[in-house]
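Comments concern the structure below.
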Amino acid sequence: MLLDRNLHIRAIDAFIDPSTPKARAIVTHGHADHARSGHGAVLATPDTIAIMKTRYGEDCAGTFEALEFGVPLLIDDVTITLYPAGHILGSAQVLVEHKGQRVVVTGDYKRLPDRTAQTFELVECNLLVTEATFGLPVFQHPHPKVEIGRLLASVRANPERAHLVGCYALGKAQRVIALLRDAGYDAPIYLHGAMLRLCALYEELGVPLGDLRPALDVPKAAFAGQIVIAPPSAIRDRWSRRFPDPVTCQASGWMSVKQRARQALVELPLVISDHCDWGELGQTIRETKAETVWVTHGREDALVYWCQQQGLTAEPLNIQGFEDDGGEGEE
């Protein structure tokens, strides 16, 4: 077998997104459940390497090798090619080829185009290793433009209140900002301190985000009618008391689960996900023409059953160590 169930490519002794330090790692993207510090050598896209160095420090791995999308890399007799996953900036699917076998490990992915991430590209294969964060039929994500429209409608209807939008700092925050800009919102957007460094990095890497300002040393009254982006934990903390009668919002695919929104004390849930929904997962599996599907870190059982009903060989991986499911877990 070219790839084992720990996403270990035996022929070159390299692991894909290992949860513990390894001598050789291929990293799909910069979220903490996929990109860890301490590896000996890391292969990833240039954007992912920049994100890892920003989050963990320049010396977070022994060596880095940048591989551009679509460029095959021959290691011994195994070929590695990275393709856009559409999840966040730099996120990649890993195509592993060896003796006629084609294996694709998706990492986290979404199919909807988004200017803060390279657009997903479908890759045909024999074995597909897919995530299933939202792998239940109940998850059918609305278009994010609709959700941003709801946010802007609330801002117009509540000019005396601040809107605090809980977002994961890497990927989700920048996507929400870009969606607001694309909807015509050109006012300053205020940021919690935890958002500043990664938003600056996105701009350095060619993703314009408009007028962004720290939500620090600003009079409370000045936040009336403004939008503030912060980690979900901050909007439930004393930090939020500096804002006038805030409308608490949260941007996540999980906000379609009303109980989650209530538990998080979210007044305006925004269903904006950086993962595929149920329909997109099935579409991807069919279009890759894979005969075998491995399902990991998500709702494995439902998607495995669906695959088996389609006549495919499928099984769950149940990989340990994914405590942060690609930016949705904290939200």
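The values are calculated or read from the model by the stated rules, or taken from the named source; none is laboratory data. What you are looking at is a predicted structure, and each value in this text was computed from that prediction instead of being measured. A quick note on method: Cβ atoms are made from the backbone with ideal geometry, for glycine too, and the neighbour counts reach across all protein chains shown. These area figures cover heavy atoms from the full protein model, side chains too; ligands, DNA and RNA do not enter into them. Shrake-Rupley method; radii C 1.70, N 1.55, O 1.52, S 1.80 Å.
Here are some notes:
- Among the residues listed as A153, A157, the single one being assigned by TED's automatic domain parsing to the domain that holds L180 and open to solvent by less than 50 Å² (accessible area, probe 1.4 Å): A153
- Residue among E267, E280, E287 that alone is touching a Leu at 6+ places or on another chain (Cβ under 6 Å), open to solvent by 30 Å² or more (accessible area, probe 1.4 Å), more than 24 Å from A50 (Cα to Cα) and at pLDDT 95 or above: E287
- Under the condition of being farther than 28 Å from L112 by Cα and surrounded by fewer than 16 Cβ atoms within 10 Å (Cβ to Cβ), the residues counted in the range 49-74 number 7.
- Every listed requirement among (1) at pLDDT below 95; (2) open to solvent by 80 Å² or more (accessible area, probe 1.4 Å) is met by W239 save one, (2).
- Inter-residue pairs, beta-carbon under 6 Å, first farther than 12 Å from E280 by Cα and in the range 134-148, second of a type in the set (V, I, T) and part of a loop (DSSP other than H, G, I, E, B), 6+ apart: P142/V271; P144/I272; E147/V271; E147/I272
- Subset of the range 160-209 (residues that are in contact with a helix residue (DSSP H, G or I) (Cβ under 8 Å, 6 or more places away or on another chain), among the small types (G, A, S) and under 21 Å from A221 (Cα atoms)): A162, G166
- For the range 80-97, the set of residues classified as open to solvent by 10 Å² or more (accessible area, probe 1.4 Å), under 15 Å from M1 (Cα atoms) and not charged (D, E, K, R) is empty.
- Qualifying residue in the range 212-229 (condition: in contact (Cβ under 8 Å) with a residue 60 or more places away in the chain, touching an Asp or Glu at 6+ places or on another chain (Cβ under 9 Å) and open to solvent by less than 30 Å² (accessible area, probe 1.4 Å)): yes
- Counted residues, the range 98-145 - those being open to solvent by 10 Å² or more (accessible area, probe 1.4 Å), assigned to a strand (DSSP E or B) and of a type in the set (S, T, N, Q): 1
- Annotation note: Cβ proximity below 7 Å between a residue of the range 50-69 that is over 14 Å from P21 (Cβ atoms) and assigned by TED's automatic domain parsing to the domain that holds S91 and a residue that is among the basic types (K, R) and modelled with pLDDT of 95 or more (sequence gap 6+ or interchain) occurs for T54/R197.
- R175 buried (at least 16 other Cβ atoms within 10 Å of the Cβ) and under 25 Å from the mean Cα position of the chain (by Cα): yes
- Of everything listed in (1) open to solvent by 30 Å² or more (accessible area, probe 1.4 Å); (2) assigned to a loop (DSSP other than H, G, I, E, B), the single unmet condition for H31 is (1).
- Between L82, L151, the distinction of being part of a strand (DSSP E or B) and over 16 Å from the mean Cα position of the chain (by Cα) belongs to L82 only.
- Enumeration of residues in the range 103-140 that are acidic (D, E) and under 21 Å from D301 (Cα atoms): D108, E131
- For the residues L281, L265, L191, the requirement of being touching a strand residue (DSSP E or B) at 6+ places or on another chain (Cβ under 7 Å) and assigned by TED's automatic domain parsing to the domain that holds M52 singles out L281.
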